[in-house]
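First the structure, in the form of structure tokens, and then the observations on it.
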């Protein structure tokens with residue numbers, strides 16, 4: 001009798017375990033139980049995007065020095081396919097939330113991401129740039145990114161604004177893009193998002209995501225006004241047909257800016273990455289597919305890793321997570337907290353907590 005085939009393809013548990021670490025822990029446990037087990041690191045376009053692309057393509061890593069969200073030096077990695085002239089860039093490498101010691105969404109900037117993209121363009125002359133969004137510390141609508149790539153922002157006195165971030169959105173009165181357009185000419189941009197939220201309103205980048213990045217409740221009203229002001233100046237600059245759209249709110253509004261300023265296509269990160277690895281074939285060959293993420297909630301089924309995997313209807317789908325806030329999920333869900341550990345224990349000993357969780361699963365269940 002053939003041993004049961006188990007494929008682990010889980011998102012990271014942010015702040016504790018990377019996708020590959022989860023895969024290694026689960027695969028080791030399953031092999032010790034006598035199963036035919038393997039894993040693939042995965043991302044939805046956010047944290048771990050480059051690791052997933054590297055696993056699929058075996059492309060070499062490159063790195064350069066850029067600015068972190070508060071304009072301090074940091075090292076950012078990227079991938080480049082010399083044969084196809086395709087660059088793969090991850091936002092979190094420059095302005096991810098893991099780069100921050102103290103969260104500060106009003107001060108945080110995407111400037112470092114712009115420097116990273118510009119460096120890749122100048123060094124490699126790519127025909128295509130694939131950008132993975134997610135895990136950002138920023139809510140600046142991508143103005144820092146635009147500034148680094150050559151866009152000029154002018155205030156009411158026609159002075160050029162610099163070190164753009166969310167705090168400076170309301171100061172913008174005019175946007176000049178001529179120099180910027182020359183730099184990105186003839187380059188195709190693809191932006192991979194992990195959410196379907198728009199940029200504005202109750203489900204937008206401020207009201208939904210800014211609190212996760214450290215924004216206080218009393219900040220949200222003015223922050224929303226700031227991003228709407230940028231939207232109106234963008235309409236004046238680029239044309240009245242500039243609108244909100246699903247995915248615009250990704251990474252604090254970078255999705256919006258990638259489409260409207262870079263002419264980028266916006267695609268689901270998890271769908272693109274699963275397609276790259278011929279996931280239907282892998283699902284068909286697996287008796288159990290194990291996936292997961294740190295916090296499993298309603299948002300998990302709107303563009304995240306779990307939602308992408310669920311669409312392929314595995315024979316048996318198991319979701320592992322740090323905690324679950326989802327009532328009546330359509331598949332098996334096993335949360336670490338409070339099943340086998342307290343929140344504090346899960347943070348302090350994530351590997352041991354995950355191993356204990358695996359012991360609670362009935363593997364021979366049909």
Discussion item. Being crowded, with 19+ Cβ neighbours inside 10 Å, assigned by TED's automatic domain parsing to the domain that holds residue 165 and touching a strand residue (DSSP E or B) at 6+ places or on another chain (Cβ under 8 Å) is true for just one of 346, 251. Which residue is that?
Written reply: 251
Discussion item. Could you list, ordered by first residue, the pairs with Cβ atoms under 9 Å in which the first is in region 349-366 and within 12 Å of residue 4 (Cβ to Cβ) and the second is part of a helix (DSSP H, G or I), at least 6 apart or interchain?
Written reply: 363/30
Practice prompt. Scan (1) closer than 26 Å to residue 348 by Cα; (2) buried (at least 23 other Cβ atoms within 10 Å of the Cβ); (3) modelled with pLDDT of 95 or more for the single condition residue 44 breaks and write down its number.
Written response: (3)
Item to complete: Sort through 201, 134 and tell me the only one that's at positive phi and at pLDDT below 95.
Response: 134
Item to complete: May I ask you to say which residue of 33, 14, 5 is under 23 Å from residue 312 (Cα atoms) and surrounded by fewer than 23 Cβ atoms within 10 Å (Cβ to Cβ)?
Response: 5
Worksheet entry | Hey, residue 174 more than 21 Å from residue 235 (Cβ to Cβ), over 19 Å from the mean Cα position of the chain (by Cα) and modelled with pLDDT of 95 or more or not | no
Worksheet item: When region 172-187 is examined, which residues are found to be buried (at least 16 other Cβ atoms within 10 Å of the Cβ) and either part of a helix (DSSP H, G or I) or not assigned by TED's automatic domain parsing to the domain that holds residue 235 (or both)?
Response: 180, 184
Discussion item. Regarding region 49-58, can at least one residue be identified that is surrounded by 17 or more Cβ atoms within 10 Å (Cβ to Cβ), closer than 20 Å to residue 294 by Cβ and in contact with a strand residue (DSSP E or B) (Cβ under 8 Å, 6 or more places away or on another chain)?
Written reply: yes
Worksheet, complete the sentence: Of the conditions (1) under 18 Å from residue 9 (Cβ atoms); (2) in contact (Cβ under 8 Å) with a residue 12 or more places away in the chain; (3) not in a loop (DSSP other than H, G, I, E, B), the single one that residue 64 does not satisfy is (1)
Worksheet item: From the residues in region 298-313 that are without any contact (Cβ under 8 Å) to a residue 60 or more places away in the chain and crowded, with 16+ Cβ neighbours inside 10 Å, which one is nearest to the chain's Cα centre (by Cα)?
Response: 300
Worksheet item: So which residues in region 133-150 are within 17 Å of residue 71 (Cβ to Cβ) and either part of a loop (DSSP other than H, G, I, E, B) or not assigned by TED's automatic domain parsing to the domain that holds residue 228 (or both), if there are any at all?
Response: 137, 138, 139, 140, 142, 149
Discussion item. Please count how many residues of region 237-252 are in a helix (DSSP H, G or I) and either free of Cβ contacts under 8 Å to residues at least 60 places away in the same chain or touching a helix residue (DSSP H, G or I) at 6+ places or on another chain (Cβ under 8 Å) (or both).
Written reply: 4
Worksheet entry | Scan of region 188-236 for residues that are assigned to a helix (DSSP H, G or I), surrounded by 19 or more Cβ atoms within 10 Å (Cβ to Cβ) and within 17 Å of the chain's Cα centre (by Cα), ordered by number | 205, 206, 209, 210, 213
Worksheet entry | Tally, over region 67-113, of residues that are buried (at least 18 other Cβ atoms within 10 Å of the Cβ) and free of Cβ contacts under 8 Å to residues at least 12 places away in the same chain | 0
Practice prompt. Confirm whether residue 269 is within 26 Å of residue 118 (Cβ to Cβ), at pLDDT below 95 and within 24 Å of the chain's Cα centre (by Cα).
Written response: yes
Fill in: For residue 19: the one exception among (1) under 23 Å from residue 88 (Cα atoms); (2) touching a residue at least 60 places away in the same chain (Cβ under 8 Å); (3) not assigned by TED's automatic domain parsing to the domain that holds residue 79
(2)
Item to complete: Report the residue count in region 157-171 for those that are crowded, with 19+ Cβ neighbours inside 10 Å and not in a loop (DSSP other than H, G, I, E, B).
Response: 3
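The values are calculated or read from the model by the stated rules, or taken from the named source; none is laboratory data. Not measured: the values here are computed from a predicted model. Positions of Cβ are generated from backbone atoms using ideal geometry, with glycine treated the same way; all protein chains shown enter the neighbour counts.
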